[in-house]
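Colleague: Handing you this structure, nothing more for now.
Computed from the coordinates by the stated procedures, all read-outs in this text should not be read as laboratory data. Computed from a predicted structure; not experimentally measured. Cβ sites come from the backbone with ideal geometry, for glycine too, and all protein chains shown count toward neighbours.
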């Protein structure tokens, strides 16, 4: 078959970093959307800020390393030189920061209409002083880390927020002291509540004070030993390169290497210094000198407050009317939580779609396996876990009941490394067999396998998911999990676990698509099959739901399919380097993004296959790292009923005209409503699954 090759150049792709910033701007737009409840808007502002912090620690830092090298980086950066890209990023970020300041001011003004007021240190009323001072002395002051800056200064910062303090000493009373100015840093500890909620006033007004302003109000107590006639404090936040540098020391364990690298982050190169734009220039120079910030290109002027990620935890204030209405997670038809789940799964496959369905199904499956006397072995991969993980508790419970439990835990889950090492240590001390990842690869697959003695043989049960086994994030991340006792599928899952144990042996899989050996080529084959079907006049179509797509080779394959006439519908939440709708290249590709109440997290691949759709749920985005540097699992859905559910929910998302945007088109405009029919996909998806339980 002669396929038309599409000549693609660097301008055929959107730069990954700029696409990511566009995604985060979509998050910020939720904070400005007046149809979103006020407190939820503040929390979206926090998500925007938290995303930006991680962007600078990872992506910006990577571009900066390229810029400092002898290479231009054009080939990997979508045709943009690294130095030019850094300028574009900084310009875009400054604009977004200014936009976020405006949005926050607007939200605060709207909160006033709800009798909710933010006050700073200058607004404190006499009747509030006692409460605030008691709060400061009991809960805040003991936790503050205050350092008087001298010549010797050990930098202990890692994406933390500080006050830069400048005190002008009283020259008359301190005539014998050479120094007329003293500088200090005060760290804002992350373990303290950022928002101090004062008692409600008799008139129903609710006052809230930022931790920053509470500290400002009590400078006189913190620095009572100094005789100063003027003191000023301005906020700054330093962000450092978050990349791990795993040292080649064969005398240390893998866990030791990870921990040493995590600790070394606090001494990594600074990539961003956000500061109060009103800070005294001399104080700013002092801050830069002490923190090793050599270039003013790393400076981002901001407002009075930083670390807005804390808005993610903005208090509810008992104002349910200012938050999203809570929805009760649905049950799955014929899969009751009060019944034996493993017994039900032995008869047919089941699919849950959190948070529309309850994550408790997964916990109950593990609990049953832990107690069932016929279960002999449990194997599971862990990537990110809840702070108080019921998954971990279930696995420890299984060991205490005599089961063999093998956990493959990824220690390099970015920014969760320390937590995962602690979890691994706890599990190992409880008798769990721990396998700490695979050298050179991240274990990103989401799979579990249970062996149960059923007479003459060990029968396999298990689940495969698109998301982490984390009951906290399952409340806000949408993800599919397939429960199955299909022996043909689970035979392949067993091979994945075998590879994790003996990873120098390649495995062949009949059903699963597994990285790093097969995913890219298998996807190419599936795309080529659609092109072939199109040429033969058969039904052909590709539908994809992804978090990100950045791999240029796979994008080029989609361009080829589009040029061959294959219709392609893509829902991409985050980064999208593909440009849709370009004549002669991507005419038949449409890309949308949905940003709403929940974080769209599942990866779904749907290939029309001449009217017999091939459908996969997966842990893998279409990025080079997912194809080459991670262990990923894409699982086919064989049950016709479950295939229909995935197809139906994809169509619901595709028809969204409230929270959906057209990607990589001018202004990334929202999808317009037609005929006054409102389709908000996350709400409609809940209704869809609710209707299934009633049938």
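Colleague: What length, rounded to one decimal in nm, is gained on full extension from residue 422 through to residue 109, with 0.36 nm per residue of separation minus their alpha-carbon distance? Show your work: numbers first, answer last.
Modeller: Numbers: separation 313, 0.36 × 313 = 112.68 nm, distance 4.37 nm.
Value of the extension gain: 108.3 nm.
Colleague: With a ≥ b ≥ c the root eigenvalues of the C-alpha gyration tensor of the stretch 381-515, is it rounded (a/c under 1.5), prolate (a/b larger than b/c) or oblate?
Modeller: rounded
Colleague: Right, another one. Take the Cβ-Cβ distance between residue 139 and residue 629 as r, set R0 to 45 Å, and report the resulting FRET efficiency rounded to the nearest 0.05.
Modeller: Numbers: r = 44 Å, r/R0 = 0.98.
Calculated value: 0.55.
Colleague: What is the angle, in °, between the Cα long axis of helix 552-563 and the longest principal axis of the Cα atoms in the chain? Nearest 10 is fine, range 0 to 90.
Modeller: 50 degrees
Colleague: While we're here: Using alpha carbon centroids, what distance separates the stretch 39-54 and the stretch 500-561, in Å?
Modeller: 34 Å
Colleague: May I ask you to sort 622, 20, 654 by Cβ crowding, counting other Cβ atoms within 10 Å and putting the fewest first? Numbers along the way, then the final one.
Modeller: Details: 622 29, 20 22, 654 19.
Ranking 622, 20, 654 by Cβ neighbours within 10 Å, fewest first, gives 654, 20, 622.
Colleague: Okay, moving on. If R0 is 45 Å, what FRET efficiency do you get for residue 312 and residue 508 from their C-beta distance, rounded to 0.05?
Modeller: Values: r = 44 Å, r/R0 = 0.98.
For residue 312 and residue 508, the calculated efficiency is 0.55.
Colleague: Now for a separate question. Using Cβ contacts closer than 10 Å as the measure, can you line up 683, 13 from fewest to most?
Modeller: Numbers: 683 17, 13 23.
Arranged by neighbour count, lowest to highest, 683, 13 become 683, 13.
Colleague: What order do you get for 535-542, 458-465, 472-479 when each peptide is scored by the mean count of other beta carbon atoms within 10 Å, highest first? Write down the numbers at each step before the final one.
Modeller: Numbers: 535-542: 15.5, 458-465: 22.6, 472-479: 20.0.
Result, highest mean first: 458-465, 472-479, 535-542.
Colleague: Relative contact order, percent, of the stretch 341-472 when contacts are C-alpha pairs under 8 Å separated by at least 6 residues? Can you show the working numbers first?
Modeller: On the way: 210 pairs, mean separation 38.2, N = 132.
29 percent.
Colleague: For the stretch 180-207 and the stretch 571-613, what is the separation of their Cα centres, given in Å?
Modeller: 44 Å
Colleague: Determine the shape class of the stretch 513-694: with a ≥ b ≥ c the square roots of the Cα gyration tensor eigenvalues, call it rounded for a/c under 1.5, and otherwise prolate if a/b is greater than b/c, oblate otherwise. Don't jump to the answer; show the numbers that get you there.
Modeller: On the way: a/c = 1.39, a/b = 1.22, b/c = 1.14.
The shape class here is rounded.
Colleague: How much length would be gained if the chain were fully extended between residue 220 and residue 81, taking 0.36 nm per residue of separation minus their Cα-Cα distance, in nm to one decimal? Intermediate results must be reported in sequence, preceding the final value.
Modeller: Numbers: separation 139, 0.36 × 139 = 50.04 nm, distance 4.99 nm.
Extra length available between residue 220 and residue 81 comes to 45.1 nm.
Colleague: With a point put 7 Å past each Cα toward its Cβ, work out how far residue 333 is from residue 404 in nm, to one decimal.
Modeller: Output for this residue pair reads 4.0 nm.
Colleague: Another question, then. Put a dot 7 Å past each Cα toward the Cβ at residue 459 and residue 102; how far apart are the dots in nm?
Modeller: If labels sit at residue 102 and residue 459, their model points lie 6.3 nm apart.
Colleague: Under 1.5 on a/c is rounded, so check that first for the stretch 439-519, then, if it is not, pick prolate when a/b is larger than b/c and oblate when it is not; a ≥ b ≥ c are the square roots of the alpha carbon gyration tensor eigenvalues.
Modeller: On the way: a/c = 1.93, a/b = 1.10, b/c = 1.75.
Taking the square roots of the gyration eigenvalues as a ≥ b ≥ c, the stretch 439-519 is oblate.
Colleague: From largest to smallest, what semi-axes in whole angstrom does the stretch 1-114 give when each is the square root of 5 times an eigenvalue of its alpha carbon gyration tensor?
Modeller: Working: eigenvalues 246, 69, 20 Å².
Values for the stretch 1-114, descending: 35, 19, 10 Å.
Colleague: Spin-label point model (7 Å from Cα, Cβ direction): what's the residue 191 to residue 324 distance in nm?
Modeller: Distance between the two pseudo-spin positions: 3.1 nm.
Colleague: To the nearest 10 degrees, how steep is helix 38-55 against the longest Cα principal axis of the chain, on a 0 to 90 scale?
Modeller: With both axes taken from Cα atoms, the answer is about 80 degrees.
Colleague: For residue 90 and residue 694, calculate 0.36 nm times their separation in residues minus their Cα-Cα distance, and state this gained length in nm to one decimal. Walk me through the intermediate numbers first.
Modeller: Values: separation 604, 0.36 × 604 = 217.44 nm, distance 5.22 nm.
Fully extending the segment from residue 90 to residue 694 adds 212.2 nm.
Colleague: Another question, if that's okay. Any chance you could give the angle, 0 to 90 degrees and rounded to 10, that helix 254-264 forms with the longest Cα principal axis of the chain?
Modeller: 30 degrees
Colleague: Is it possible to state the helix-based mean residue ellipticity at 222 nm for the chain, with each DSSP H run of 4+ residues giving -39500 (n - 2.57), the sum divided by total residues, to the nearest 500 deg cm²/dmol? What is it? Walk me through the numbers before you get to the answer.
Modeller: On the way: 19 runs with 237 residues, N = 695.
Calculated mean residue ellipticity at 222 nm is -10500 deg cm²/dmol.
Colleague: Residue 677 to residue 582: FRET efficiency via 1/(1 + (r/R0)^6), r the Cβ-Cβ distance, R0 25 Å, to the nearest 0.05? Please report the intermediate quantities before stating the final value.
Modeller: Details: r = 30 Å, r/R0 = 1.19.
After rounding to 0.05, the efficiency reads 0.25.
Colleague: Within 10 Å of each residue's Cβ, count the other Cβ atoms and sort 448, 635 from fewest upward. Walk me through the numbers before you get to the answer.
Modeller: Values: 448 25, 635 28.
Going from sparsest to densest Cβ surroundings: 448, 635.
Colleague: Evaluate 2.2 N^0.38 Å with N set to the residue count of the stretch 267-317, then give the Cα radius of gyration divided by it. Present the calculation step by step, with values, prior to reporting the outcome.
Modeller: Working: Rg = 13.6 Å, N = 51, 2.2 N^0.38 = 9.8 Å.
That works out to 1.38 for the stretch 267-317.
Colleague: Could you tell me the relative contact order of the chain? Use alpha-carbon pairs under 8 Å, at least six residues apart, and round to a whole percent. Numbers along the way, then the final one.
Modeller: Numbers: 1253 pairs, mean separation 83.0, N = 695.
Relative contact order here is 12 percent.
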